[in-house]
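Reviewing the structure listed below.
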Amino acid sequence: MCFLSLVQVSFAQEVEIEVDAEDREKAIRLTDQGISQIERGNYPAAIRDIEDAISIDSTFHPAYINLYSAYINTQGDKSNLIKLLEKGNRVFREDDELTYYLGYVYYEKNELEKAIELFSEAIRYSKINGEDFPLVYAYHFNRGNAHLKLARYQKAVEDFSYALKLNPDHPDILVNKGISHYRLDQKSQACRDWRKSVEEGSDTATKYINQFCR
């Protein structure tokens, strides 16, 4: 038995991909096994199960999400994760979450320009899909972190400011926004950010205040 899976390829267009019902059931079962392995901390086994799920049914969206969750808890080579997230992005066009995850893999590899490119794509897609998804603030936060690492402090401030609109009072965003302000010789704004971060429970900000705000 086969059924049709609707896969979004643009804001206004969908395509139908025929999926065998038995294959979908296998993909669900393997993904569930992988999730159980993640919960046990057995990430290599989780990766094997979920990669098998994707090889059987590439249109099962939760498999990609959980594959990322498994890989992100491991050290070492993530080239196959990149390949499969790229595959997911070809299947699920304008998917801001998958695009963000791919960007974060490049961010961890310190390929910051590529990460910024993908974070920017995720941000564009979120404007279409809706910014109410809880992870959207992180698209801006981590693009800001990439700009901060590249000494693009004004761009970092802009990204951190937008991230705070989506997730007000997040202590880590406030810490990094303060660092960016300080690098721009805006000490009073930096100290204001750090003090606010301390109010939200940040220990890191206390160190910056003691060092730079006396």
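The values are calculated or read from the model by the stated rules, or taken from the named source; none is laboratory data. The shown structure was predicted, so the numbers you read here are calculated from the model rather than taken from an experiment. As a convention, Cβ positions derive from the backbone with ideal geometry for all residues, glycine included, and neighbour counts pool all protein chains shown.
In the range 25-65, which residue that is among the small types (G, A, S) and outside any helix (DSSP H, G or I) is farthest from N80 (Cα to Cα)? My answer is G41. Answer with yes or no whether E94 is more than 27 Å from A151 (Cα to Cα), of a type outside the set (F, W, Y) and not in a helix (DSSP H, G or I). It is true that E94 is more than 27 Å from A151 (Cα to Cα), of a type outside the set (F, W, Y) and not in a helix (DSSP H, G or I). Among the residues of the range 191-214, those that are of a type in the set (S, T, Y) and closer than 14 Å to L164 by Cβ comprise S197, S202.
Within the range 167-214, the only residue that satisfies the criterion of being touching a Gly at 6+ places or on another chain (Cβ under 7 Å) and closer than 16 Å to K155 by Cβ is N176. On the basis of being within 17 Å of the chain's Cα centre (by Cα) and buried (at least 22 other Cβ atoms within 10 Å of the Cβ), does T99 make the cut? Against the criterion (within 17 Å of the chain's Cα centre (by Cα) and buried (at least 22 other Cβ atoms within 10 Å of the Cβ)), T99 qualifies.
Results for (1) among the basic types (K, R); (2) within 20 Å of E113 (Cβ to Cβ), shown as yes or no for each residue.
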site: Y153; (1), (2): no, yes
site: K165; (1), (2): yes, no
site: G178; (1), (2): no, no
site: D193; (1), (2): no, no
site: G201; (1), (2): no, no
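Checked against the criterion of being more than 18 Å from the chain's Cα centre (by Cα), modelled with pLDDT under 95 and among the small types (G, A, S), the candidates G34, G76, G41 yield just one match: G76.
Among the candidates A151, A205, the residue that is out of contact with any strand residue (DSSP E or B) (no Cβ under 9 Å at 6 or more places or on another chain) and crowded, with 20+ Cβ neighbours inside 10 Å is uniquely A205.
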